[in-house]
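The values are calculated or read from the model by the stated rules, or taken from the named source; none is laboratory data. Note that the coordinates shown come from a computational prediction; the quantities given were computed from them, not determined experimentally. Neighbour counts are summed over all protein chains in view; Cβ atoms, including those assigned to glycine, are modelled from backbone coordinates with ideal geometry.
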Amino acid sequence: MGNRSKKIDFNKKYLDMKEIVTKQKSLLKDTEKLLNKQIEMEGKSSAYYLSMASWCEMKGYENSAEFLYRHSEEERMHMLKLIRYVNEAGGHALQPEIIGIKHSFETLREVFEQVLDHEIAVTISINHLVDHCFGQKDFATFQFLQWYVKEQREEETLARRALELFDIIGEGGIGLWTIDQEIVKLEGKVSAAQSMGEGK
C-alpha cells in the first residue's frame, strides 16, 4: 500500500509539471528553407543516380552500374545527414517529393555528362547555402556545411575524370568496354590525389 501511494504521488508530481524542456529553434526561417531545398537536391541526386545505375546494368555496363548504385547510396546519406541536422537544430526537415526522373539514355557518355552537370549544380547550391550562413552569422551551420564543401569538391572532380575517359580512350571498338572497366578505378585515384593535395 505504501509503495502504491509513493507511485501515485510521483505520477501526480510528474503530471503537475508546468515546464517541459523542449528543443529551442536556432535556425533562421530562411536558413531552414534553404537547407530543405538542399535536402530535396540530395534526394533527387540519389534518385537520378539510381535510375542511371539501373539503365547501365540493363545495358551491360556492370562497373558503371556499381559506381552509380554506390553514389546513389552516398547521396541518400548526404540527405539524411542534412535532415538530422535540421531537426536537431529545432527545425523541421521535409521529406522531398521526387518527380521527373529520367529513366533512359542514348549513350553511356550521356549518363556521365549528366552526372557532371548535376554535380556542378549541387556545388553551386552548396556554395550559395554556405555564403548565406556566413552572411547571417550562423557559424554552427556554416561549420556543419564545410563537410559538404569538401565532399562536393571530390564528387565534381570524380565526375569530370569519368567524362574525360571517353575522350582519352574513345568509344569505338572495345572503347566502351574499357571505359566501363576504368570507371570503377576512379574513386581510389581521385581520393588519393585529393589526399596528396591536402598534405602539401
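Of a type in the set (Ser, Thr, Tyr) and within 20 Å of residue 106 (Cβ to Cβ): is that true of residue 85 in this structure? Criteria not met by residue 85. Within region 66-85, being surrounded by 21 or more Cβ atoms within 10 Å (Cβ to Cβ) and farther than 15 Å from residue 147 by Cβ holds for 67, 68, 71.
Given the criteria in contact with a helix residue (DSSP H, G or I) (Cβ under 9 Å, 6 or more places away or on another chain), of a type outside the set (S, T, N, Q) and at pLDDT below 95, does residue 97 qualify? The answer is yes for residue 97. Checked against (1) over 15 Å from residue 35 (Cα atoms); (2) surrounded by fewer than 16 Cβ atoms within 10 Å (Cβ to Cβ); (3) within 19 Å of the chain's Cα centre (by Cα), residue 60 meets all criteria but (3).
Within region 174-200, being farther than 14 Å from residue 157 by Cα, of a type outside the set (Asp, Glu) and at pLDDT 90 or above holds for 174, 175, 176, 177, 178, 179, 181.
Residues in region 118-150 that are surrounded by fewer than 16 Cβ atoms within 10 Å (Cβ to Cβ) and charged (D, E, K, R): 131, 137, 150. With respect to the stated conditions, residue 15 fails to be in a helix (DSSP H, G or I), at pLDDT 90 or above and aliphatic (A, V, I, L, M). Among the residues in region 105-117, are any more than 12 Å from the chain's Cα centre (by Cα), modelled with pLDDT under 95, surrounded by 16 or more Cβ atoms within 10 Å (Cβ to Cβ) and not hydrophobic (A, V, I, L, M, F, W, C)? Scanning region 105-117 turns up no residue that is more than 12 Å from the chain's Cα centre (by Cα), modelled with pLDDT under 95, surrounded by 16 or more Cβ atoms within 10 Å (Cβ to Cβ) and not hydrophobic (A, V, I, L, M, F, W, C).
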